[in-house]
1. With everything on Cα atoms, drop me the angle between helix 79-114 and the longest principal axis of the chain, reported from 0 to 90° to the nearest 10.
2. Taking H placed 1.01 Å from N in the peptide plane, check which residues at least 5 places from ARG315 or on another chain put their amide H under 5 Å from its amide H.
3. Calculate, in nm to one decimal, what ARG125 and GLU166 gain on full extension: separation in residues at 0.36 nm each, minus their alpha carbon distance.
4. How high is the relative contact order of the stretch 25-104? Use alpha-carbon pairs under 8 Å, at least six apart in sequence, and give a whole percent.
5. Check ALA225: other-chain or 5+ apart residues with amide H under 5 Å from its amide H, H built from backbone geometry?
6. Normalising by the residue count of the stretch 79-152, find the relative contact order in percent from Cα pairs under 8 Å and 6+ residues apart.
7. If I stretch the segment between SER320 and TRP222 completely, what's the gain in nm (0.36 nm per residue apart, minus their alpha carbon distance), one decimal?
8. Counting only residues 5 or more places away or on other chains, whose amide H sits under 5 Å from the amide H of ALA34 once H atoms are built in the peptide plane?
Amino acid sequence: MLRALALALPLAGAAGAAERATVPVQAAAQQGRAGFEGVVEAVRQTVIAAQVPGAVVELNAKAGDRVQAGQLLLRIDARAADQGAAASNAQVQAARAALEVATREYARQQQLHQKNYISQAALDRAESEFKATSAQVAAQMAQAGVARTQTGLHTVRAPYAGVVAEVPVALGDMAMPGRPLLTLYDPTALRVTAALPQSLAGGVQGDAVRVELPGLAAAQQWPRATRVQVLPMVDAATHTVQVRAELGTGLEGVVPGMFARLWLPAPGGSTAGQTVTVPLKAIVRRAEMTGVYVQGEGGQPLLRQVRLGRAEGERVEVLSGVVPGEQVIVDPQTVLRAR
């Protein structure tokens, strides 16, 4: 396990070291199951990026907002695009007026040709002008449609109902094609993804997989997996396979990025189902750091940063920072008084 922090403190003499009560770090079995660390992911998560350049002139969403499908989230300055669309519409009107003239002229030339007043060549010229004008109208209408589409790209709406996870832009920022504007995810479709050794992937069965969410209340820590999927590929670097366990709806407090764990039946003789625990009162919390004092060589206390899991009774699970067998100082206050 990774030892993120180890701070040595000066000794207060052999007597002070002898007064410190220590207990060994224990490894407890999890009922014949092997646990694998994972993370909560959103099945449907979208990074909405800009498709056109322009300044952000309206921002109606912030991180944490729940939005509905089609709700206006953001607007980009579209004045230039609106003017281009107006110009295209004017060109369409002019082309249609020319088409009306060409249509009437072609009809007159047909009547004159029927009475043998004009030649076939004159009729062909009138027909050619009529077709050319018709094609010009179609081209102008297509350009007008492109201009209208460009105008619509300046308005960003929610593609589905969800939660805004991130808004990396602010009012007045310049949006550029490809630049992310916000991230949206669907909170009703979440899953837990974990990496399993290749040797265990073949024995994964949906009914036997248990999902644990240590960050939630005890009543919600063990949600049921509605579907378990083993991805059909192996990571060449780690020789692991990704397993996805989809969660049901109605889970409060579950968000993408949360720490999770998948529990599978441990193979015979495996110790992967063991967890490392220490006394809860041995935990030291200082600002954003959580750690324990470990008895080092010569009785010297070392402050070791740890990552905690769930607490059961008077003991708490340690995900990283210590290993079984190390001596942990039960009362951290004895170290502080000895300084």
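1. Helix 79-114 sits at roughly 30 degrees to that axis.
2. LEU280
3. 8.5 nm is the gain from fully extending ARG125 to GLU166.
4. Worked out over the stretch 25-104, it gives 22 percent.
5. Residues meeting the criterion, in which the H sits 1.01 Å from N, are VAL211.
6. 53 percent
7. Net length gain for the segment: 33.1 nm.
8. The answer is LEU264, ALA266.
Rule-based calculations on the coordinates, nothing more; no lab input. On a predicted model such as this, the values are computed, not experimentally measured, just so you know. Neighbour counts run over all protein chains shown; Cβ positions are idealised from the backbone, glycine included.
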